[in-house]
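Trainee: Just dropping this structure here.
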Amino acid sequence: MLRFDSHNLRQFSLGSLGLLSLSALYPAALLAEQQDSQSITTSSGAGTTLLSPVTIEAGAEGGASSISSELLQRRQASHSGEIFRGEAAANVGGGSRNAQRLYLRGIEANNLNVTIDGAREGRDLHQHRGGLSGIDPDLLKAVDIDPSPAADQGAGALGGSIRFTTKDAQDLLLPDKDRGARAKTGYASADKSYRGSTTAYAMLGQNTGILSHISAVNRDDYRIGEGGTMPGSGGRDRDYMLKLSRIPETNGDESRFNDHELRFSAQRNTFVGDHAYGSIGSDFGDPKLETRQDEVRQERERDTYNFAHHYDPDANHIDWRLNIYRNDNRLKRLDDDSETRALEHGADLRNTFTFHIGDSEHRLTAGADYYLEDGQNNRPDEPDLSHESRNLGLFLQNRMRYGRLGVSLGARFDDYSTEFFDRKLEGDALSPNISTDFEMTEGWTAFAGYGEAVSGSGLIPVGWMQFIDERTNLNNDEPFKAEESSRWEAGLDYESRGLFKERDSFKLNATYFETKIDNSIERDDNWGSPYTVTWDDDRRPPSVQKEDDPLVGNVINRDDTLITRGFEIRAAWGYATYDTQLSFMSAETVNEDGDPQGVSRRRGGIGGDRLVWDNRWAATEQITLGYTLTWVGDHTDVPDDEPERDGYDLHDIQVEWLPCGPSGLPGGGEELKLALAINNLFDTRYAEHTSLAWEDNGDYHIRSEPGRDVRITAELRF
């Protein structure tokens, strides 16, 4: 049964949901048919584009997907945790910003390769703080999600990769304009937040553009469903970006530089808020409990510098990409001036060769990537500590096609090293992968793939590295082993045009997947915080007996295997001015004996079955409507020491209005857009299934998510 959890008003079955879906689809599709000849358009980027067709990326490398800028703007996403709100396979748990963690097909982001414009996000900074980086969603051109195995995904991609790509000046310019600006302001009711941003952009020449952006959001503690507020969830966001982009146009220019794309960007994101720094109410449990720690003012800051070069001449043997970056993540306690920092330098160089052997076509990507991360802990009146982690990767990936058969075959070599006090995890490994797809009949494609990956960095947050000393048991004096994963998936794709209506577009992807992770490197103590030795006797765990006990007792390779397995279904249909997309995932997280596993920091976690159904309709040239249903089933297959999780359903609506029409304000050249979004329309009280629970005398406490959230935005581009 599906439960409608809005004040427990009623319940309805899956069949009822299907009827509701069809009843909503039919009038929109009927009106879309009536408006087909009118070619109604909606604003997206520079100019206007027809809504359809919709896309699902799949094939030789399975269920890759992409989140567009249009989708983020329609939903009025205001921080990085909301970017994945419409994805069934990607889930952000934790509630408030300091606690948010991202899970892709049940694998936590520390086991993914996550990049912003090619700059890799490193290890978590603090045990009781999520690792999801801050970024203004308005800056994003696209977010590409790829859980499938491939050698060129980057270092540490045990569960896949997520790539954030920011906009260029060329993406924002209005047609026939060589300079412009965007001013935006908005309000959200759940956290009483006010936001504002200004973006200026211009062409410095025929091919080179420059963009500058500044945005600010001030938030109160958010209101949860059915009333009450969540302490420690407010804060202040600031985003800054300066980006120079050279993107040559195809205009007959014979300049020898015409095939070179160049990008340089500098970004800063800061988030300041008052949160519990540890224990109950920090990233686990409910901060409304009286047992929580006092809130501490904290500042999370990210500075990222990136240079990218892409050279793609009219030659089959050259498609060159170079990316060099510096990424500086810092967490500061503003009450004692202590700082935890991860400073990383890295680069990625690759070239794709295109050639034919007989009737087969080949795209061979060869490359290397490297990063050096310096984890630093700086505390007043104490020596500064530093711990390095590095990885050199060499990779080959050949994507071949012979008629109806496609094969992707590759291998990756990693040489890695990570410091743990006076010990190192170091070594090298070779990770192969193979994927294949076969076009069976018109529209139908079967695919399957298998791949391996390694990570030599471990899951210990940078903040804990300072507490590892000569008293710490480091893997029982055995050499550390790198974390390893194996992934395989198989499924079907279907693609058709004119299936239900003339000139419509329909795509379907069904994937079964399984990911195994071995040798996870974690802290394994009987007590919690390293600070327990300073607690009073009535608070101190029995295992901590005296002042000279180690602050971090054990760092080990886990001897169990984490397995996430399940299936994912994605479907999309577009016709004229209407499109709809549906994604569904059902999965479990178990060990090698099949026992269910709970949600764990920096490793993995899963919840109940998850369905997301999104709809968009350009009702007129000036008005675009949207509706999103998120349904999550009960999660009952849990370990004995974990609570069962109640399912929930959420309803979101969106309206975008161009009051002056797509041609802009009187006189032309400007574009005014007003937008309304209501998330959690029925004010459901719920908690994400990947949020960490706290047990107190048999009762479990979990941080609730925001309740009804009415958002309004006004945007002017000129």
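Trainee: So how strong a dipole does the chain carry about its Cα centre when Lys and Arg Cβ are +1 and Asp and Glu Cβ are -1, to the nearest 20 debye?
Mentor: 2340
Trainee: Then there's this: Quote the Stokes-Einstein diffusion coefficient, in whole µm² s⁻¹, for the stretch 68-221, based on the Kirkwood radius over alpha carbon pairs, a temperature of 10 °C and a viscosity of 1.306 mPa s.
Mentor: 93
Trainee: Further question: Just to confirm a number: summing +1 for Lys and Arg and -1 for Asp and Glu over residues other than Tyr512 whose beta-carbon lies under 9 angstrom from that of Tyr512, what do you get?
Mentor: -2
Trainee: Another question, then. Let's test this: bin the Cα-Cα distances of the stretch 277-358 at 5 Å from zero up to the farthest pair and state each bin's percent.
Mentor: 3, 12, 13, 11, 11, 9, 8, 8, 7, 6, 6, 4, 2, 1, 0
Trainee: Considering the stretch 197-318, what Rg and Dmax in Å follow from its alpha-carbon atoms?
Mentor: 22.9, 71
Trainee: Going by C-beta contacts inside 10 Å, put Arg246, Arg570 in order with the fewest on the left.
Mentor: Arg246, Arg570
Trainee: I've got another one for you. Pairs Lys192/Lys288; Lys141/Lys501; Lys332/Lys673; Lys167/Lys507; Lys141/Lys673: which are spaced more than 29 Å apart, C-alpha to C-alpha?
Mentor: Lys141/Lys501; Lys332/Lys673
Trainee: Using the Karplus curve 6.51 cos²θ - 1.76 cosθ + 1.60 with θ = phi - 60°, what ³J(HN,Hα) values do you get for each residue of the stretch 574-583, in whole Hz, with x for Gly and Pro?
Mentor: Once θ is set to phi - 60°, the couplings for the stretch 574-583 become x, 8, 6, 9, 10, 9, 9, 9, 10, 10 Hz.
Trainee: Turning to a different aspect of this structure: Can you work out ³J(HN,Hα) from phi for every residue in the stretch 196-205, in order, using Karplus 6.51 cos²θ - 1.76 cosθ + 1.60 and θ = phi - 60°, giving whole Hz and x for Gly and Pro?
Mentor: These are the phi-based 3J(HN,Hα) values: x, 8, 9, 10, 10, 8, 7, 8, 8, x Hz.
Trainee: Where does each of His260, His128 land when they are ranked from fewest to most other beta-carbon atoms within 10 angstrom?
Mentor: With the fewest neighbours first, His260, His128 line up as His260, His128.
Trainee: How high is the relative contact order of the stretch 450-531, in percent, with contacts defined as C-alpha pairs under 8 Å that are six or more residues apart?
Mentor: 35
Trainee: In addition: Please list, in chain and number order, the residues 5+ apart from Tyr222 or on another chain whose amide H is under 5 Å from its amide H, with Hs placed from the backbone.
Mentor: Under 5 Å from the amide H of Tyr222: Met230, Ser233, Gly234.
Trainee: Moving to a separate point now. Cβ neighbours within 10 Å, averaged per peptide: list 607-620, 296-309, 194-207 in order, most packed at the top.
Mentor: Result, highest mean Cβ count within 10 Å first: 607-620, 296-309, 194-207.
Trainee: So, in Å, what gap is there between the alpha-carbon centers of the stretch 262-313 and the stretch 567-590?
Mentor: Centre-to-centre distance over Cα atoms comes out at 30 Å.
Trainee: How many angstrom separate the Cα center of the stretch 113-169 from the Cα center of the stretch 384-416?
Mentor: Here the two parts' Cα centres lie 17 Å apart.
Trainee: Right, something else. For a protection proxy built on the mean count of beta-carbon atoms within 10 angstrom, sort 237-245, 710-718, 315-323, 88-96 highest first, please.
Mentor: Ranking, from highest mean packing down: 88-96, 237-245, 710-718, 315-323.
Trainee: When the convex hull of the C-alpha atoms of the stretch 611-706 is computed, what volume per residue in Å³ does it have?
Mentor: Considering the Cα atoms of the stretch 611-706, their hull volume per residue is 113 Å³.
Trainee: Next question, about the same structure. Based on the Cα gyration tensor of the stretch 100-155, what are the three equivalent ellipsoid semi-axes, each the root of five times an eigenvalue, rounded to whole Å and given largest first?
Mentor: Equivalent-ellipsoid dimensions as semi-axes: 18, 16, 11 Å.
Trainee: Now, a different point. Divide by every residue of the chain the summed helix terms, -39500 (n - 2.57) for each DSSP H run of at least 4, and state the resulting mean residue ellipticity at 222 nm, rounded to the nearest 500 deg cm²/dmol.
Mentor: Computed mean residue ellipticity for the chain: -1500 deg cm²/dmol.
Trainee: Here's a follow-up. For the stretch 174-238 and the stretch 668-714, what is the centre-to-centre distance using only Cα atoms, to the nearest Å?
Mentor: 18
Trainee: For the stretch 406-420, in order, what is each residue's ³J(HN,Hα) by Karplus, 6.51 cos²θ - 1.76 cosθ + 1.60 with θ = phi - 60°, in whole Hz (x at glycine and Pro)?
Mentor: Running phi through 6.51 cos²θ - 1.76 cosθ + 1.60 with θ = phi - 60° gives x, 9, 10, 10, x, 8, 10, 10, 10, 10, 10, 7, 9, 8, 10 Hz.
Trainee: Pairs of alpha-carbon atoms within less than 8 angstrom and 6+ residues apart define the contacts here; what relative contact order does the chain have, in percent?
Mentor: Computed value for the chain: 15 percent relative contact order.
Trainee: Something else now. Using a 10 Å cut-off around each Cβ, can you sort His356, His651, His275 from fewest to most neighbouring Cβ atoms?
Mentor: Neighbour counts put them in this order, fewest first: His356, His651, His275.
Trainee: Based on the Cα atoms of the chain, what semi-axes does the equivalent ellipsoid have, where each is the square root of 5 times one gyration tensor eigenvalue, given in whole Å with the largest first?
Mentor: Semi-axes (√(5λ), whole Å): 39, 31, 27.
Every read-out reported here was derived from the displayed coordinates using simple, explicitly stated rules and does not represent laboratory data. As the structure is a prediction and not an experimental result, all values here were calculated from the model. Ideal geometry is used to build each Cβ from the backbone, glycine not excepted, and the neighbour counts take in all protein chains shown.
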